[in-house]
Ligand code: SF4
């Protein structure tokens with residue numbers, strides 16, 4: 001794999017949310033190295049854009065609002081004493097972050 005692609009990928013948040021219009025962070029990293037704009041990742045926000053601009057010696061751009069809005073990372077907490085094992089949270093999670101056995 002191209003080292004520059006790996007460096008760009010290491011800056012991207014790895015949520016694999018596809019808001020950038022690509023099938024995950026690695027695909028967006030490949031696109032950036034091929035000339036795609038660096039401002040299409042809402043989870044990375046302005047901080048991510050600044051890091052990408054620094055790495056690639058490009059102009060700092062504002063986040064492309066058509067891709068989505070930057071919101072700070074949040075943490076979901078599951079209380080195992082209250083969990084009834086319905087798996088609604090597993091279905092709702094956009095990043096497959098919730099794993100484990102029922103209850
Ligand atoms: S928008 Fe950002 S975090 Fe989401 S898949 Fe694209 S590069 Fe990854």
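Nothing in this text is a laboratory measurement; each read-out follows from the coordinates by a stated rule. Source: prediction; values computed, not measured. Methodologically, a virtual Cβ is constructed for each residue, glycine included, from the backbone with ideal geometry; neighbour enumeration extends over all protein chains shown.
Quick notes on this structure:
- Placing R0 at 25 angstrom, the Cβ-Cβ distance between residue 59 and residue 95 gives a FRET efficiency of 0.25 after rounding to 0.05.
- Contact order normalised by residue count of the chain, Cα under 8 Å, 6+ apart, percent: 22
- Candidates 33, 77, 90, ranked by Gaussian network fluctuation over the chain, Cα under 10 Å, top entry: 77
- Where Rh is the Kirkwood radius over Cα pairs, Rg/Rh for the chain: 1.08
- Added length on full extension, which subtracts the Cα-Cα distance from 0.36 nm per residue, residue 70 to residue 17: 17.8 nm
- Degrees between helix 45-56 axis and first principal axis of the chain (Cα, 0 to 90, nearest 10): 40
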